[in-house]
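Report on the following structure.
The values are calculated or read from the model by the stated rules, or taken from the named source; none is laboratory data. From a predicted model like this one, the values you see are computed outputs, not experimental measurements. Here Cβ is always computed from backbone atoms with ideal geometry, including for glycine, and neighbour counts include all displayed protein chains. For the accessible areas, the whole protein counts, side chains as well, though only heavy atoms, and no ligand, DNA or RNA atoms are used. Shrake-Rupley method; radii C 1.70, N 1.55, O 1.52, S 1.80 Å.
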Amino acid sequence: MNRILACRELRARAPQTALSWFSSLNISRSVHGLPFATVEAEEISGSQPAEVLNLVQGKWKKTARWNTILDPLNGEPFIKVCEVDETGIQPFVESLSKCPKHGLHNPFKAPERYLMFGDISAKAAHMLSLPKVSDFFTRLIQRVAPKSYQQASGEVYVTRKFLENFAGDQVRFLARSFGVPGNHLGQQSHGFRWPYGPVAIVTPFNFPLEIPVLQLMGALYMGNKPILKVDSKVSIVMEQMMRLLHYCGLPIEDVEFINSDGKTMNKLLLEANTRMTLFTGSSRVAEKLALDLKGRVKLEDAGFDWKILGPDVQEEDYVAWVCDQDAYACSGQKCSAQSMLFIHENWSKTSLLSKMKDLAERRNLEDLTIGPVLTVTTETMLEHKNKLLQISGSKLLFGGEPLKNHSIPPIYGAIEPTAIYVPLEEILKGNNFDLVTREIFGPFQVVTDYRSDQLPLVLDAVERMHAHLTAAVVSNDPLFLQEVIGNSVNGTTYAGLRARTTGAPQNHWFGPAGDPRGAGIGTPEAIKLVWSCHREIIYDVGPLPKQWEIPPST
């Protein structure tokens, strides 16, 4: 009774604007246990399939077309995604077309929305900090993109920390301007960050919560009206997150959420004339979009990511563990996954490779430390293995066999964590290089070694690669670090004994370099680069000089 009275007294003293939020925290009163959720992660099955809808013009809607998603672990048709085809894009086009080029807010228009998004971020971060909510999204991620609980919960954690970073006044600080004195009294130039207006976000399957939330919120913070498309295999995660954001105060008309195939989305982007599109995914699609949208894109595409072990050998167990995590966590389905490992001859004399083999063999389906590969079949990965083994001097270090005793459907891949050694000189041969540096989005890496006098060959190899996303230089030798960093370009490069290629937190930039279309994620700099442009306003209010006269024509 005392607890009830205390709660009543607190509600009575709470400001009216906060009362609804205070009351809404009583999560146990929801039918599903969570006030925003429309599914139970553990109950989704072939007999109880979940449904994923579209959000357009402020309403959740169904269409006549359903795409059935198979459970990656047993092949059951367990999710029905309501997909829009080319005949159904008009409502989305109309909604985006109503957004002006100067956005829903900017430094001169509706600045209170900057504060609103600070509040939304704070509330959403608080929700994700609740164990029941965090567990819900972790389990939901595991259902559609199977990875270990720790890896899935890490995605939820990074998303929460990002939202915490942009709570309070931090959204308005993203729109910070600057002024420069002019040439005469009354003249000043001011630089502002300006939104694009109608924009689009297209994100992949491998991080179904983190990537779309971070890019979506960045777009909203800067004043844009986005349409969001997530890979249909995992879009249920973001559909539920959209409902959480609405629950935390996001105006339901601010974001359009669509499920469709690539062809339909391409048509929508052209007809809606989106001012900027953020695409995270394959290089092939990225290049097509860049052409179709006349360069109005920011890209975070494929990553054939490398790691170089320097000459100073130390902490062998730790380095082996990081190599295993970088190559095989999430079954290698990270754009930052370690694709090629360059081992200095000093490391070749250690038991590093045998320790990596032991760590890889610990992984199993039971705890999802290895699991289904959602975009590459088993046959494709085994075929690639066989082609690499035809290169002179190459050999299988470990793995290379299909997983056994599972019910993963054949449309997905299922192989053991695999590493193949290819000699450095053979990698650099013209007829081998493209094959060796082909990105296999699964638990697959190429390993090679080099002598100290072959470092220029290693640097030539990383120079010739076309995707420059992440890299690691594992060494505490400052001269070695200086040489490698100064002769490479990858946008997110870790340097030092503890260097890795994966596991980017929310506190540093993540994105490629070497391409003016490159997109970043996570930091204020990334948000401003991707989701705003520069606008210069020059105030020139006078006064005119005394006795001014019209000068001669020039």
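Listed conditions (1) in contact with a Lys or Arg (Cβ under 8 Å, 6 or more places away or on another chain); (2) under 20 Å from Leu455 (Cβ atoms) are all met by Ile343, apart from (1).
A count restricted to the range 505-539 and to residues that are acidic (Asp, Glu) and at pLDDT below 95 stands at 1. Listed by position, the strands (runs of 3 or more DSSP E) contained in the range 455-554 that have at least 2 residues being open to solvent by 80 Å² or more (accessible area, probe 1.4 Å) and within 30 Å of Ser189 (Cα to Cα) are 533-540.
All told, Phe433 falls short of being of a type outside the set (Gly, Ala, Ser), assigned to a loop (DSSP other than H, G, I, E, B) and within 26 Å of His468 (Cβ to Cβ). Every condition in (1) over 22 Å from Arg517 (Cβ atoms); (2) part of a loop (DSSP other than H, G, I, E, B) is met by Val237 except one, and the failing one is (2).
For the range 438-454, the tally of residues that are open to solvent by 10 Å² or more (accessible area, probe 1.4 Å) and out of contact with any Lys or Arg (no Cβ under 8 Å at 6 or more places or on another chain) stands at 9. Taking the range 176-204 as the range and being under 11 Å from the mean Cα position of the chain (by Cα) and open to solvent by 10 Å² or more (accessible area, probe 1.4 Å) as the test, the residues that pass are Val202, Pro204. Selection of the range 105-128 for residues being among the hydroxyl-bearing types (Ser, Thr, Tyr) and in contact with a Lys or Arg (Cβ under 6 Å, 6 or more places away or on another chain) yields only Tyr114. Of everything in the range 310-347 that is in contact with a strand residue (DSSP E or B) (Cβ under 8 Å, 6 or more places away or on another chain) and among the acidic types (Asp, Glu), the residue that is least open to solvent (accessible area, probe 1.4 Å) is Asp326.
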